[in-house]
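Worksheet: one structure, shown below.
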Amino acid sequence: MVSVKTPLFNRLRGYVRVELRGGQLEKLLNLLTTDRFAFWDISRTDEQTVTLYVTIRDFFRLRPNLRRTR
């Protein structure tokens, strides 16, 4: 059975769980949304850590956005 939280199409394309750390997490998530990244199940682990799932295709597009939020 396919989880409701993970769309079937994303399961077929593949996805990874990513842990992001830093002081500008909200800014990074806003940039990812603006750049139309496919991510879901965002959870804040602590004040400076967020865990989320992202498609493999978008995972390889993360680096430029990470650099913009240093």
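Nothing in this text is a laboratory measurement; each read-out follows from the coordinates by a stated rule. Everything quoted here is computed from the prediction, not taken from an experiment. With ideal geometry, Cβ positions are generated from the backbone for all residues, glycine too; neighbour counts draw on all protein chains shown.
Quick notes on this structure:
- Across the range 23-40, rounded Karplus estimates of 3J(HN,Hα) from the backbone phi angles (6.51 cos²θ - 1.76 cosθ + 1.60, θ = phi - 60°) give x, 10, 5, 5, 4, 4, 4, 5, 5, 5, 5, 4, 7, 6, 6, 9, 9, 7 Hz, Gly and Pro being marked x.
- Over all other residues within a Cβ to Cβ distance under 12 Å of GLN48, the charged ones net out to -2, with Lys and Arg as +1 and Asp and Glu as -1.
- Charge context of ALA38, other residues only, Cβ under 10 angstrom, K/R +1, D/E -1: +2
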